[in-house]
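Have a look at the structure below before the remarks.
Computed from the coordinates by the stated procedures, all read-outs in this text should not be read as laboratory data. What you see is a predicted model; the values in this text were computed from it and never measured. Glycine gets a Cβ as well: all are built from the backbone with ideal geometry, and neighbour counts include every protein chain shown.
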Amino acid sequence: MASGEGKPEICSSFLPRRNSLIKTSAEIVSEVRQSLRVQSTQRPFTPRDAHRQLFGKSSVRANADNRPPSAFSLHAQNFDTPDSRPGSGTRLSPLNHKPTFPVLCESGDPIILPKPPADPLEVRRPLIGPRARLRRAGSLPIMPPAETDASERLSQKPEQRQSSAKQRLVPDHAAVHSGPIRPVPNTTQNESKISPQGAELDDKSNIDVKNNDSRLCTEQDSQSLVWNNRIAPLLEQLEGIVAGGVIGSEVVDDALCDLCERLYNAMATADILGRRCKGRSRILRTLFRLIDCNSARLNFHIAKICLQLCVSGNNLLNICKLVFKLSRSESNDDLFHDSPVLDSLLDILSTEDVSSIGEVLVYCVGTLKFLSGNSTILKKLLDKNCIEVAHRLIQRLKSIEEANMALSGHILVLLTATLRNLADQPESRPLFVSFGLLSELCLVLQKYHKDQDICTNISRIFSKLSSYSECRLALSQTPGCYQLFLEVLSQHHQKQDLVVRLLFTLGNITAKSDEARLQLFQCDDSIETLLQIYDRYQRRDHSKVHPQQQTDTQQPASRQEFDDVLVKLVRVMANMCIHRNVGPALANHATFIQLLVETLELRCVQESEELMVNIAATINNLSYYEQPNSALRNCHLTIAKLMMKLLLSSSMDAVLEATRVFGNLTQSSVVRDYIMQSKAYQFVVTLLDSKSLEVCFSACGVLTNLALDIPNRASLALEGTAAKLMDCLRDLGQGDWQLAGQLARPYGTWQGAVPNLSWIKSRLRHSWTS
């Protein structure tokens, strides 16, 4: 065998040089670079709340004193009747009245000038019929002012001044002038109505007023007709049932629901919903009295009508509480399916002022949070642009004052919980990107980084969306997102469900982007922060929870939950190792290598299979960047001994990763000696019978390195290695020329001991040509 090692004719493009134990850099790169892989893992599972609550049991707000209540009772006396008065719908313009001081005549008596009406409310009260036209025709706003210069007035005779004043006080429609009106010199712009041009304008103004009056009268007459013929009889029936005291039975509740539905349809058909509805106060008073019937269907009809009538103030708050109370029961979800209540709630969130009705928004968003748990209603919310409404609300909440931060925090907790449910729908992902909602959520995370509930909900949104390329790209392009994630991880390291989801998000981003790997590594204290979390979750006593982690409302975390954090964290580190500038630094990081070794020592494959597989994959990636005196190289033998736990396990994933690690570690003579002494090579040979491409490829790599030492070749030959390699080449090599080349490499070192070398060469040529 020794004489055969110097024959150069055996060398080919498939076989390495047999006369050298040292591989060139190109050979090492081409062989090992392909073993660097990103790690995949399952998204953390978010359990569904068994009971619909404003804030869940795990929330820090569960027992807080300043949070809005989740349970309450509503009765008729909780509603304000004065608020039910209809609005006038008329916006008055300010009067162009300038106060003037009385002017004394020659006799010393003051001149009496026209005064504005004593009761301004009379102008606001709409009148019906001829009285309205008479009032408007002779009202002050259309009477031409006739102010003159003070010196002009003093020069007039008393009887002339008195006659002029009488002419100004005569109504336009009945004006009979006893004589021509003298032009007044130095008239102001307001006095130009007495000129011919001004008279023409005045006539046009009168025509417009008459047209408006006629339209108003027509609308009022039409609304009166609807009221008298359709709405008033329905209200009388409702009031009669309430006055009769027979409410409470199922038959009566059905009758009341039917009357309310007919009432709503009548108003909607006549287009008289809103604050200007005729008889609005009577309708609301009647509906408020029905609240005490305590019927879910009836209360829903009442809430629908009240929201369409645009109640405000305390009544709006109580109606939103009523809707929230109904949404707490899943049995009432059918009521919301085809109802305008959803549109009313979204309209309130879009238009109302945050600082003035913050508590109303809490119950509106709380209702959407509960209803978004229903898949049918969830799709309807998407169709109604709920994501756009949420985006606008978030923008308004960002500018809220510090004094209202607690209230805005309550709203954001519920809003992000709703967005978390919306993120499950495939149709929502383009909307999150197009509205820039991922960047907005990062800004919210930055502002409320101390709020554990908000951070947890946002981490759940990111963990769902980061699994998709378009969302992952939008998130990675958000400035400062990596540093922000690290700060939140450091602040809430005891919150397991938050930590595991942010780590899962970072693992998704670094899985496909080499730039993201470098940016995360270059953040301030990035590796230190990640390793501190690694150390905390690895060193905990798994029989109980760390005192800083457990709260009164939290259940003790299990060992599986702790391992889940380590799985996601190690995955992030393994992905970062792929970058050629990050890998060498981590391979030489003594603390990181020590933590990996401790994990191999403390865990077993049977209980922590995914974690052990990820640890092996990380070590395999790190071994690509080995340097002569790196921290990883100093632990070669220790790692090789611990890898035997994986190699001899029943998990094929663990066996495959361990074989890959041995394929790199066996480049060290110390590791090769250990494998031969422990008889581990026998198990590697048996792996050639697995008929798996990946397993056979990795096993051939280990056998090739073992065959570099001449004393090892005889032991390998006694195990029937040559025959097994030939079988693999015949069964698998024809379909994969890279595997065929890898299978042939051990033959290069055993040229004198293999009788069928010519057959192997023919099979290789066949693999290459095919």
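When Lys and Arg each count +1 and Asp and Glu each count -1, what net charge do the other residues less than 15 Å away from ASP254, Cβ to Cβ, add up to?
Net charge around ASP254: -2.
Residue by residue through region 287-300, what is 3J(HN,Hα) from phi via Karplus (6.51 cos²θ - 1.76 cosθ + 1.60, θ = phi - 60°)? Round to whole Hz and write x for glycine and proline.
Rounded to whole hertz, the list is 5, 4, 5, 7, 4, 6, 5, 6, 10, 5, 5, 5, 4, 5.
Can you tell me the order of 654-662, 254-262 when each peptide is scored by its average per-residue count of other Cβ atoms within 10 angstrom, highest first?
The peptides rank, most packed first, as 654-662, 254-262.
Counting other C-beta atoms within 10 Å, which of CYS696, CYS455 has the fewest, and how do the rest follow?
Result, fewest neighbours first: CYS455, CYS696.
Sum up the charges of everything whose Cβ sits under 14 Å from the Cβ of HIS492, counting Lys and Arg as +1 and Asp and Glu as -1, but leave HIS492 out.
Charge balance near HIS492 sits at +1.
Points 7 angstrom from Cα along the Cβ direction at LYS679 and ASP258: gap in nanometres?
Those two pseudo-labels are separated by 8.9 nm.
All other residues with a Cβ under 15 Å from the Cβ of GLU239 taken together, and with Lys, Arg as +1 and Asp, Glu as -1, what is their net charge?
+2
Stretch SER434-GLN395 to full length: gain in nm at 0.36 nm per residue minus the Cα-Cα span?
Difference between extended and current length: 12.5 nm.
Nearest 0.05, what FRET efficiency do LYS384 and LYS450 give at R0 = 30 Å with Cβ-Cβ as r?
My answer for the efficiency is 0.35.
Test of the criteria: in region 669-718, which trypsin sites (Lys or Arg not before Pro) are in a DSSP loop and have at most 16 other Cβ atoms within 10 angstrom of their Cβ?
Answer by residue number: LYS679, LYS691.
Given the pairs LYS380/LYS450; LYS304/LYS464; LYS325/LYS379; LYS278/LYS398; LYS398/LYS495, which span a C-alpha to C-alpha distance of over 30 angstrom in this model?
LYS380/LYS450; LYS304/LYS464; LYS278/LYS398
Scan region 395-440 for trypsin sites (Lys or Arg not before Pro) in coil per DSSP, keeping those whose Cβ has at most 16 other Cβ atoms within 10 Å, and list them by number.
Qualifying residues, ordered by number: none.
Where the only charges are on Cβ atoms (+1 Lys, Arg; -1 Asp, Glu), what is the dipole of region 234-299 about its Cα centre, to the nearest 20 debye?
Taking the Cα centre of region 234-299 as origin, the dipole is about 540 debye.
If you take the beta carbon distance between SER690 and THR591 as r and set R0 to 56 Å, what does 1/(1 + (r/R0)^6) give as a FRET efficiency, to the nearest 0.05?
Approximately 0.95, to the nearest 0.05.
Is any residue of region 675-706 close enough, with backbone N under 14 Å, to a label point placed 7 angstrom from the Cα of SER715 along the Cα-Cβ axis, and if so, which?
Once the point is set 7 Å along Cα→Cβ of SER715, 675-685, 703-706 turn out to lie under 14 Å by backbone N, inside region 675-706.
For GLU239, project a label point 7 Å along Cα to C-beta. Then give me every residue of region 261-282 with its amide nitrogen under 19 Å of that point.
261-264, 266-267, 277-282
What are the ³J(HN,Hα) couplings of region 323-330, residue after residue, when phi is run through the Karplus curve with 6.51, -1.76, 1.60 and θ = phi - 60°? Round to Hz, x for glycine and proline.
These are the phi-based 3J(HN,Hα) values: 5, 4, 4, 5, 6, 5, 9, 5 Hz.
For each of THR529, THR286, count neighbouring Cβ atoms within 10 Å of the residue's Cβ, then give the residues from fewest to most.
By the 10 Å Cβ count, ascending, the order reads THR529, THR286.
If you average the alpha carbon positions of region 344-402 and of region 425-445, how far apart do those two centres end up, in angstrom?
A separation of 15 Å, based on Cα centres.
Rank these for me by crowding, PHE432, PHE79, going from fewest to most other beta carbons within 10 Å.
PHE79, PHE432
Would you calculate the separation in nanometres between label points at LEU637 and GLN606, each defined as 7 Å from the Cα along the Cα-to-beta-carbon direction?
3.0 nm
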